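The values are calculated or read from the model by the stated rules, or taken from the named source; none is laboratory data. For clarity, every value in this text was computed on a predicted model and none was experimentally measured. Here the Cβ positions follow ideal geometry from the backbone for every residue, glycine too, while neighbour counts run over all protein chains shown. Only protein heavy atoms, including side chains, enter the accessible area calculation; ligands, DNA and RNA are left aside. Shrake-Rupley method; radii C 1.70, N 1.55, O 1.52, S 1.80 Å.
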Amino acid sequence: MSHSKKLLISSALFGVIGVMMGAHMAGAGSYALRPIHAHVLVVGWLSLFAWSIFYKVYQPKNGLLPTFQVWTGLIGAIGLNVGMYIFMLDTVPLSDVFSLIFYIVSGSILAISYVLFFILTILQPDD
Ligand code: HEM
């Protein structure tokens, strides 16, 4: 499956999860999920969708850099949101140390994907 398609399907799934969280928050009258809702939508839905369009439109040559960018983006987006949920909501019976490390490592992987994307944009040939 192409990078663009992988990112497109993942972003759409994040969109569904994020909108359901919003509906749940409104229905339950509790905004505890707010930070996760925000990151599911702005990192999961919007950033992955934007990257999907980038790969479709700019068609960067296949290679290690795009592959690393896509996989750190996907793993980082999933990890950050799961990590934030585990760390902030404390509803999953895991040790604080584990949930903190999971959250930090996932956030770091996501941060790497943004840096790799920045490098990719610089390497794009001018039109
Ligand atoms: C290493 C990755 C990241 C970490 C660890 C992180 C962490 C956080 C934290 C702790 C908050 C405050 C949550 C609260 O109000 O309780 C926050 C808010 C927010 N972050 Fe991030 N963030 C990350 C990446 C991003 C990215 C890449 C975006 C956008 C594409 C983003 C968009 C937002 C937004 C919109 C809010 C405000 C949410 C609200 O109003 O509740 N974050 N972030």
Practice problem: Obtain the nm distance between the two label points defined at V92 and I75 by a simple spin-label model: each point lies 7 Å from its Cα along the Cα-to-C-beta direction. | Solution: 1.6 nm
Exercise. Rounded to whole Hz and in sequence order, give me ³J(HN,Hα) for segment 115-124 from the Karplus expression 6.51 cos²θ - 1.76 cosθ + 1.60, θ = phi - 60°, writing x for Gly and Pro.
Key: 5, 4, 5, 4, 4, 4, 5, 5, 7, 5
Self-check item: Per residue, in Å², the accessible surface of segment 3-123 once ligands and nucleic acids are set aside, probe 1.4 Å
Solution: 57 Å²
Quiz item: Which ³J(HN,Hα) values in Hz, rounded to whole numbers, follow from the phi angles of segment 106-112 under the Karplus curve 6.51 cos²θ - 1.76 cosθ + 1.60, where θ = phi - 60° and Gly and Pro get x?
Solution: 5, x, 5, 4, 5, 4, 4
Quiz item: What part of the accessible area of segment 3-123, given as a whole %, is carbon or sulfur when the probe is 1.4 angstrom?
Solution: 75 percent
Quiz item: Using θ = phi - 60° and the Karplus form 6.51 cos²θ - 1.76 cosθ + 1.60, what ³J(HN,Hα) does each residue of segment 29-35 get, whole Hz, x for Gly and Pro?
Solution: x, 10, 9, 4, 7, 3, x
Exercise. Specify the inter-centroid distance of segment 1-15 and segment 94-127, based on alpha-carbon positions, in whole Å.
Key: 17 Å
Practice problem: Would you mind calculating the relative contact order of segment 3-123 from Cα pairs under 8 angstrom and at least 6 residues apart, reporting the percent as a whole number? | Solution: 28 percent
